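Worksheet: the structure to be examined is printed underneath.
The values are calculated or read from the model by the stated rules, or taken from the named source; none is laboratory data. Values in this document were obtained by computation on a predicted structure and should not be read as measured data. Reconstructed Cβ throughout: ideal geometry from the backbone, glycine too, with neighbour counts over all protein chains shown. Quick note on the areas: whole protein, heavy atoms, side chains included, nothing else; ligands and nucleic acids left out. Shrake-Rupley method; radii C 1.70, N 1.55, O 1.52, S 1.80 Å.
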Amino acid sequence: GQTYAQLTTSGSSTNKAEALSSAHAHIPHAGSGAGAAGLRGGRGLARPGCSSSDEVRTLSGSMSPGLKSNPDLHPCKPGQKFRAALLRCRSPTAAAGILSFGNVLNYMDRYTVAGKTSVSAVLHRDNSSPLSPFSTVFICSFMVAAPIFGYLGDRFNRKVILSCGIFFWSIVTLSSSFIGKEYYWLFVLSRGLVGIGESSYSSISPTIIGDLFTNNSRTTMLSIFYLAIPLGSGLGYILGSSAKVAAGDWHWALRVSPVLGITAGTLILVFVPEPKRGSADQVGGRIKSRTSWFCDMKALAKNRSYVFSSLASAAVSFATGAFGMWIPLYLTRAQMVQKTAEACTKEICSSTDSLIFGAITCVTGLLGVVIGAATTRLCRQKTERADPLVCAVSMLGSAIFICLIFVVAKKSIVGAYVCIFIGETLLFLNWAITADILMFVVIPTRRATAVAFQSFTSHLLGDAGSPYLIGLISDGLQENYTTSTLWRFLSLGYALMLCPFIIVLGGMFFLVTALFFLDDREKAEKQ
């Protein structure tokens, strides 16, 4: 306070210069709270040891000449100017935006294959379960690699791991676009490698946001980040279905996201900081050492809020995985029953249902995440258990409208789309909130491991097997009526009816999470 008073009241330039030198001496060392923030932001004071001119801007905003005599100041070199400008761009908000952009690309690439409904025909595979091999191999490799990257993310530089992961899957995806139909096995292998690359991103990036923000700000930023799940999935459908029609070759659908992915990886390396673990929660300075991996796993297994919210997340993944693969085909069969559409026998078919479903997924994802964040912030004023309770109510409501899809689809496609719209909006409410629950009940030094194993559980019990399981049930039901258009439609609908029951089970898991949430959050804060 005394130094600041000297800067604002001193009459002469010499006094201001002396006060400014004194102010430099009173600035905390870089890396400590306020001092580090001031030096990083580049606002108010010039960077110590570097002056771009003979004048330095003081705290009051005036220009103070006559500092040439200070030996600590010297003209900035071009590289130093660029580095200072770069540091000013590395704000937490910009970092969250870049990470969200990378997450959009992650899911866009993942669901591009789902939008190419003719890929199995091109590769001469069985058409009864057209997309299951690709999605199953991808998800299996994803969930196996996630725990490894969770371990690395808690112990090493996270943004380097993120960049390497996104570069890896981008290169593999681009290379797979040149694989011919005679090398079907190689294409399946490439999807497995893409899963490994994407698992690094999904496991680590939320923890960086968790260390840059806290409380309601963290909820907002995680909501934006997880908006990428429905938004990227919808864009993947649109890209996959439109690229193969526009270009006449489904391979072109795999040549867009890699270019954007390499761009995102570069932006992460340049503009995303590596915050100290726990810095947003003001515990970074108290973290002296990390526990072992076995100790982390033991603590997570005893964390009841984490366990039950992970099981609930698996229920969401089960439904979204099955829906993403089968709903467009189900709606196509519904139109065939209504005799408003005919079966496509061409190699490249117009995928209107995939385009509409993708657009609905984008819009419902936006609405769901925004409504979820706003509702949670409002309900926190009423109860501290708002996070799991909002998730539970949204899932139970979603199950009702998803059941109605299979009731109205036979008579009205528009009615089915309305039910899909409402059901998906309610289902997408909890993506960001689930991640926020994890941030509250898990300490910073094991969050990457927690995110990774939550992903592992979600995929193992969810979308790793749900598309294939739905396909098996549908094929079993229509085994004796393979020529009946009506029965092919009904059998797939009966198989998909498993999804709302799983969603109700997930809602129950969130209700159980609400019982233990406050105790587990308090334990994490004390620890």
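For region 390-412, how many residues meet the condition of being buried (at least 19 other Cβ atoms within 10 Å of the Cβ) and part of a helix (DSSP H, G or I)? Can you show your working first?
Step one: of region 390-412, the residues buried (at least 19 other Cβ atoms within 10 Å of the Cβ) are 390-392, 394-395, 398-399, 401-402, 405-406, 409.
Cutting the leftovers down to part of a helix (DSSP H, G or I) gives us 390-392, 394-395, 398-399, 401-402, 405-406.
So the answer is 11.
State whether one or more residues within region 247-257 are open to solvent by 30 Å² or more (accessible area, probe 1.4 Å), aromatic (Phe, Trp, Tyr), under 20 Å from residue 157 (Cβ atoms) and at pLDDT below 90. Lay out the reasoning, then the answer.
First, the residues of region 247-257 that are open to solvent by 30 Å² or more (accessible area, probe 1.4 Å): 247-249, 252, 255-256.
From the residues that got through so far, the ones that are aromatic (Phe, Trp, Tyr) too are 252.
From what's left, under 20 Å from residue 157 (Cβ atoms): none.
No: zero hits.
Starting from region 491-508, take each residue that is without any contact (Cβ under 8 Å) to a residue 24 or more places away in the chain and of a type outside the set (Phe, Trp, Tyr) and list its partners that are part of a helix (DSSP H, G or I) and buried (at least 22 other Cβ atoms within 10 Å of the Cβ), counting only C-beta distances under 9 angstrom and pairs at least six apart or across chains.
Going by the 9 Å Cβ cut-off, the qualifying pairs are 491/474.
For region 153-174, which residues satisfy the criterion of being in a helix (DSSP H, G or I), out of contact with any Pro (no Cβ under 9 Å at 6 or more places or on another chain) and surrounded by fewer than 18 Cβ atoms within 10 Å (Cβ to Cβ)?
If the condition is that a residue be in a helix (DSSP H, G or I), out of contact with any Pro (no Cβ under 9 Å at 6 or more places or on another chain) and surrounded by fewer than 18 Cβ atoms within 10 Å (Cβ to Cβ), then 160, 164 are the ones that fit.
Tell me which of these residue 481 doesn't satisfy, since it passes every other one: (1) in contact (Cβ under 8 Å) with a residue 12 or more places away in the chain; (2) touching a Lys or Arg at 6+ places or on another chain (Cβ under 8 Å).
Among (1) in contact (Cβ under 8 Å) with a residue 12 or more places away in the chain; (2) touching a Lys or Arg at 6+ places or on another chain (Cβ under 8 Å), the lone unmet condition for residue 481 is (1).
Does residue 139 qualify as being part of a helix (DSSP H, G or I), more than 17 Å from the chain's Cα centre (by Cα) and at pLDDT 50 or above? Show your work before the answer.
Details: part of a helix (DSSP H, G or I): yes; more than 17 Å from the chain's Cα centre (by Cα): no; at pLDDT 50 or above: yes.
For residue 139, the condition - part of a helix (DSSP H, G or I), more than 17 Å from the chain's Cα centre (by Cα) and at pLDDT 50 or above - is not met.
Only one of these conditions is not met by residue 241: (1) closer than 30 Å to residue 453 by Cβ; (2) at pLDDT below 75. Which number is it?
Among (1) closer than 30 Å to residue 453 by Cβ; (2) at pLDDT below 75, the lone unmet condition for residue 241 is (1).
Being β-branched (Val, Ile, Thr), farther than 13 Å from residue 435 by Cα, within 22 Å of the chain's Cα centre (by Cα) and open to solvent by less than 10 Å² (accessible area, probe 1.4 Å), is that true of even one residue in region 197-213?
First, pick out the residues of region 197-213 that are β-branched (Val, Ile, Thr): 204, 207-209.
From what's left, farther than 13 Å from residue 435 by Cα: none.
No: zero hits.
Please indicate, with yes or no, whether at least one residue in region 184-194 is touching a residue at least 12 places away in the same chain (Cβ under 8 Å), within 30 Å of residue 441 (Cβ to Cβ) and open to solvent by 10 Å² or more (accessible area, probe 1.4 Å).
Checked against the condition, which is being touching a residue at least 12 places away in the same chain (Cβ under 8 Å), within 30 Å of residue 441 (Cβ to Cβ) and open to solvent by 10 Å² or more (accessible area, probe 1.4 Å), region 184-194 yields no hits at all.
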